[in-house]
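Encoded as structure tokens, the structure appears first; notes follow it.
The values are calculated or read from the model by the stated rules, or taken from the named source; none is laboratory data. The model shown is predicted, which means the values in this text are computed figures rather than measured ones. Cβ placement follows ideal geometry from the backbone for every residue including glycine, while neighbour counts extend to all protein chains displayed.
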Amino acid sequence: MTATNWVTRVVSALLALALLFCSLLAVVELAAAALGRDSVLVPYHEWTDWLRTHSWNDRIVQALLVGLVVLALLLLLLAFRRGKPAALTLRNRTDGVDVTASRRSVEKSLAAAAARTSGIAGASASVSRRTARVEARTVALSEPGIRDEVQSAVRGRLDSLGTERRLRTRVALTTKDSR
Amino acid sequence: MSSRANVINRVVLTVLGLLLLTVGGLGLALGLGAFGESRADNPVLPEQVRTFPDGRPWFWWAVAGGLVLIAVLALLWLLAQLRTDRTTQLDLTTDARDGYTTLHANALTSAVEDEALGVSGVSSASANVREHRGNHVFLRVELTDSADIDGVRTRLENEVVAHLREGVGDPRFPVTIELRPGASKTPQRSLT
């Protein structure tokens with residue numbers, strides 16, 4: 001599961017809990033009021049008075065409404081944000097068999113492929129839905145054409161996987177001394 | 001974790017988000033005078049709204065009913081977070097009149113894992129049966145850094161999946177394979 005899905009799941013669980021608690025509390029308050037008892041937990045008489053004495057153009061009301069709009073936008077962002085994929089779909093070969101490659105392991109694999117290139121001291125990689133980015137650290141006096149070699153190694157690794165969508169590759173080189 | 005829960009979460013969050021956006025947006029528009037300056041000066045809770053339930057005993061019953069409905073939906077939403085797609089049994093019954101046939105998922109997944117581990121380049125394998133739009137087997141294999149990905153995939157599809165399908169008696173039984181290339185280093189061999 002992706003990090004986005006985890007965040008969405010935690011927020012959803014908290015919201016569901018809050019909704020459950022608040023609605024049950026409101027039922028309890030209704031029951032208490034019906035039985036002629038005072039409020040149990042919620043000082044709703046004070047809340048009602050506050051709402052009666054404040055108008056729509058009061059700053060505090062508008063500030064609360066802005067907060068509501070911000071919260072709404074955050075929820076919509078969570079609902080629509082796709083984030084990085086947990087796995088990359090590979091080309092289908094056998095009917096009824098879906099093959100994927102976990103994104104994190106592909107990143108490790110690409111970094112390893114780049115690091116094996118001569119003149120490269122280390123590398124890291126990140127993969128999104130469309131692009132594989134590799135950042136490779138060269139030794140101080142690197143040979144010309146090293147970028148092409150890294151690019152070729154990364155491309156070769158991706159081709160051996162056979163991703164359904166051809167990923168663009170981006171290679172950035174930094175010298176070891178510059179870090 | 002259930003992938004259905006992800007869909008439910010997105011739908012509920014969208015509904016809640018749109019609802020809050022509508023309420024917040026309309027309230028702000030009202031306060032900024034979009035519906036007339038006099039309305040902007042109105043209290044948030046006008047007298048006629050506050051006194052509406054007076055003499056209407058059904059009103060609070062309706063509110064209580066609505067609240068119970070929200071509580072039930074919230075509980076279902078909460079439970080959806082805990083549900084998983086995994087299943088422990090596979091129903092292989094072809095004709096209920098002849099009796100029921102079930103297969104323990106563990107028996108199937110252990111066999112699949114063992115066979116996958118025998119494929120050169122596979123360092124570990126784990127499988128489970130999931131129930132999402134019908135049953136399917138999910139097989140996760142970790143490959144050594146030097147594994148021939150294409151070769152591993154061919155053997156998994158042609159041998160492991162073929163035997164699995166033979167085992168369940170369904171030549172089209174759906175399988176999902178997740179490859180994890182480079183997840184572990186190639187075992188070092190040393191000469192002594």
*asked:* Within the range A:74-81, does at least one residue satisfy the condition of being outside the structural domain of A:Thr163 (by TED's automatic domain parsing), closer than 29 Å to B:Trp60 by Cβ and in contact with a Leu (Cβ under 6 Å, 6 or more places away or on another chain)?
replied: no
*Can you tell me which residue within the range B:137-148, out of those that are in contact with a strand residue (DSSP E or B) (Cβ under 6 Å, 6 or more places away or on another chain) and modelled with pLDDT under 90, is nearest to the other protein chains (Cβ to nearest Cβ)?*
B:Asp145
*asked:* Being over 30 Å from A:Val10 (Cβ atoms) and aliphatic (A, V, I, L, M): is that true of B:Val68 here?
replied: no
*Note down all Cβ pairs under 9 Å where the first residue falls in the range B:64-91 and is at the interface with chain A (Cβ under 9 Å from one of its Cβ atoms), the second is exposed (fewer than 12 other Cβ atoms within 10 Å of the Cβ), and they're at least six residues apart or on different chains.*
B:Ala74/A:Ala18; B:Gln81/A:Val10
*Tally time: how many residues in the range A:41-53 are in contact with an Asp or Glu (Cβ under 8 Å, 6 or more places away or on another chain) and either at positive phi or surrounded by 12 or more Cβ atoms within 10 Å (Cβ to Cβ) (or both)?*
3
*Looking at (1) more than 18 Å from A:Ala172 (Cβ to Cβ); (2) under 19 Å from the mean Cα position of the chain (by Cα), which is the only condition A:Glu107 fails?*
(1)
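Working only within the range A:29-45, note down all residues that are assigned to a helix (DSSP H, G or I) and out of contact with any Ser or Thr (no Cβ under 9 Å at 6 or more places or on another chain).
Looking only at the range A:29-45, we keep the residues that are assigned to a helix (DSSP H, G or I), and these are A:29-34, A:44-45.
Once the filter is applied, which keeps residues that are assigned to a helix (DSSP H, G or I) and out of contact with any Ser or Thr (no Cβ under 9 Å at 6 or more places or on another chain), the range A:29-45 yields A:Leu30, A:Ala31, A:Ala34, A:Tyr44.
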*Of B:Leu82, B:Leu78, B:Leu18, which residue is surrounded by fewer than 12 Cβ atoms within 10 Å (Cβ to Cβ) and either within 43 Å of the chain's Cα centre (by Cα) or closer than 29 Å to A:Leu75 by Cα (or both)?*
B:Leu82
*Do we find a residue being exposed (fewer than 12 other Cβ atoms within 10 Å of the Cβ), more than 24 Å from B:Ala74 (Cα to Cα) and among the hydrophobic types (A, V, I, L, M, F, W, C) anywhere in the range A:61-75?*
yes
